[in-house]
Amino acid sequence: MFYEGKAKKLYSTSDPGLVIQYFKDDATAFNAKKRGTIEEKGVMNNRMSELFFNLLERNGVRTHFVRRLNDREMLCRRLDIIPVEIVVRNIVAGSMAKRLGREEGEPLKHPLVEYYYKSDPLDDPLIYPEHAIEFGWATAGEIEKIRTMALKVDEVLSRFLDERGVLLVDFKLEFGRHQGEILLGDEICPDTCRFWDKQTRQKLDKDRFRRDLGGVEEAYHEMLRRVET
Ligand code: TMP
Ligand code: ASP
């Protein structure tokens, strides 16, 4: 093991270009000020990420995903992670609703791309892309590429989920460099996305844990059921 994060561990392999991503059941919120466990979360997020990464690859988005190895592990290309988290929003929710005093649920006319500096000690502050360029976290070319890829992810996932009765409210992505190429990394799952049922607007994501709404495991199972069909 060479890295342990809040929800995953990374292991090196005999191939320096490949790593194993292990999915834990640990759940945190508010930069780990709140901690808990979501039963079988690791298994569900591993499987859901596999489905989403395959879907994205089929639609021309290059990702770190190679293949799922077992219930909790996937084989991935090793990334030099760019410390900028990208959030794409289609509907107002979460920190954006709070920061700008907007009602949760207000649809946005166009998808909005936000950039956050990946730093636990600083609580991942919102930044301008210019900060990333100035401080050498990414080049202007990389920022442009990442933005284009993030909007493509939004388009592909929104359409796929819409057909399954789910609204893609917003989501967070991480990117990294691998052999001169920018790849989508991390995971795509109810930890990193907001999913609302299209009819009832019921939350099918980690907000159930963050906000103590109950039915956390059930929401993850329901999301997996929808994307598997
Ligand atoms: P936010 O509204 O709290 O900024 O969250 C935007 C999206 O990013 C939401 O889909 C959840 C996801 N997210 C993460 O993946 N990790 C985090 O640490 C936070 C705060 C949000
Ligand atoms: N990643 C967040 C944390 O730092 C949790 C969240 O998704 O809100 O604990």
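The values are calculated or read from the model by the stated rules, or taken from the named source; none is laboratory data. Computed from a predicted model, the values in this text were never measured in an experiment. Glycine gets a Cβ as well: all are built from the backbone with ideal geometry, and neighbour counts include every protein chain shown. Side chains are part of the model used for accessible areas, which takes the heavy atoms of the whole protein and leaves out ligands, DNA and RNA. Shrake-Rupley method; radii C 1.70, N 1.55, O 1.52, S 1.80 Å.
Structure above, values below:
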read-out	value
Residue pairs meeting the criteria (Cβ under 7 Å; at least 6 apart or on separate chains; first within 15 Å of Ile188 (Cα to Cα) and within 16 Å of ligand 2 (Cβ to nearest atom), in the range 11-27; second among the polar types (S, T, N, Q) and open to solvent by less than 40 Å² (accessible area, probe 1.4 Å))	Phe23/Asn45; Phe23/Asn46
Qualifying residue in the range 141-148 (condition: touching a Phe, Trp or Tyr at 6+ places or on another chain (Cβ under 7 Å), more than 16 Å from ligand 2 (Cβ to nearest atom) and in a helix (DSSP H, G or I))	yes
Residues of the range 162-184 that turn out to be more than 15 Å from ligand 2 (Cβ to nearest atom), not basic (Lys, Arg) and not in a strand (DSSP E or B), as a count	5
Residue in the range 188-199 that is of a type outside the set (Asp, Glu) and either without any contact (Cβ under 8 Å) to a residue 12 or more places away in the chain or more than 24 Å from Met149 (Cα to Cα) (or both) present	yes
Yes/no for Asp120 being open to solvent by 30 Å² or more (accessible area, probe 1.4 Å), within 13 Å of ligand 1 (Cβ to nearest atom) and assigned to a loop (DSSP other than H, G, I, E, B)	yes
Counted residues, the range 58-81 - those being of a type in the set (A, V, I, L, M), in a loop (DSSP other than H, G, I, E, B) and farther than 14 Å from Met149 by Cα	2
Residue selected from the range 28-48 under the condition away from ligand 2 (no atom under 14 Å from the Cβ) and part of a loop (DSSP other than H, G, I, E, B), by the criterion surrounded by the most Cβ atoms within 10 Å (Cβ to Cβ)	Glu40
Subset of the range 183-194 that is in contact with an Asp or Glu (Cβ under 6 Å, 6 or more places away or on another chain) and open to solvent by 10 Å² or more (accessible area, probe 1.4 Å) - its residue that is nearest to Asp207 (Cα to Cα)	Arg194
Odd one out for Glu40, checked against (1) within 25 Å of Asp120 (Cα to Cα); (2) more than 16 Å from ligand 1 (Cβ to nearest atom)	(1)
Residue within the range 56-68 that is within 15 Å of ligand 2 (Cβ to nearest atom), of a type in the set (Phe, Trp, Tyr) and either without any contact (Cβ under 8 Å) to a residue 24 or more places away in the chain or open to solvent by 20 Å² or more (accessible area, probe 1.4 Å) (or both) present	no
Residue among Leu79, Leu151, Leu51 that is within 16 Å of ligand 1 (Cβ to nearest atom) and open to solvent by 30 Å² or more (accessible area, probe 1.4 Å)	Leu151
Test set (1) touching a helix residue (DSSP H, G or I) at 6+ places or on another chain (Cβ under 9 Å); (2) hydroxyl-bearing (Ser, Thr, Tyr); (3) away from ligand 2 (no atom under 16 Å from the Cβ) - Thr229 fails condition number	(1)
Residue match in the range 169-178 (condition: farther than 20 Å from Asn46 by Cα, surrounded by 21 or more Cβ atoms within 10 Å (Cβ to Cβ) and in contact (Cβ under 8 Å) with a residue 40 or more places away in the chain)	yes
